[in-house]
Amino acid sequence: MRDRILRAADAAGREPSEITCVYNVPIPDLRDVDAAIEQLLGYIRLGFTSLNFMPDGPDPRAQTERLGLDVLPELRTEINRRSEVAR
């Protein structure tokens, strides 16, 4: 579907690289931070440029806090590391 959107943008005279591709993600199981990071990296590899996290559990505040403190910093580090390797 992403490819269809980017082709349509190009056909309409828009720069495909300027299109933001957002995925609404229920916050993954955070008991295993490494597994959560790999799951989120999978969405990045599919071409999503932004992730909108939706709490999905009995304690949304704790889940969001854990995501922000434990997962997202490591996810950013891994994305940066992989982009450096690709250069």
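The values are calculated or read from the model by the stated rules, or taken from the named source; none is laboratory data. As the structure is a prediction and not an experimental result, all values here were calculated from the model. Please note: Cβ atoms are built from the backbone with ideal geometry, for glycine as well, and neighbour counts cover all protein chains shown.
Odds and ends about this structure:
- Within region 17-47, the set of residues being more than 18 Å from Arg81 (Cα to Cα) and surrounded by 14 or more Cβ atoms within 10 Å (Cβ to Cβ) comprises Ile19, Cys21, Tyr23, Val25, Ile27, Pro28, Leu30.
- Region 14-37 residues that are farther than 17 Å from Ser50 by Cβ and modelled with pLDDT of 90 or more, paired with ones that are among the polar types (S, T, N, Q) and part of a loop (DSSP other than H, G, I, E, B) (beta carbon under 7 Å, 6 or more apart): none
- The residue that is farthest from the chain's Cα centre (by Cα), among those in region 1-16 that are part of a helix (DSSP H, G or I) and basic (Lys, Arg), is Arg7.
- Residue ranges of helices (runs of 4 or more DSSP H) in region 17-87 with at least 2 members closer than 21 Å to Met1 by Cα and aliphatic (A, V, I, L, M): 33-45
- Each residue in region 53-68 was checked for being in contact with a Ser or Thr (Cβ under 9 Å, 6 or more places away or on another chain) and not hydrophobic (A, V, I, L, M, F, W, C), and 1 of them qualify.
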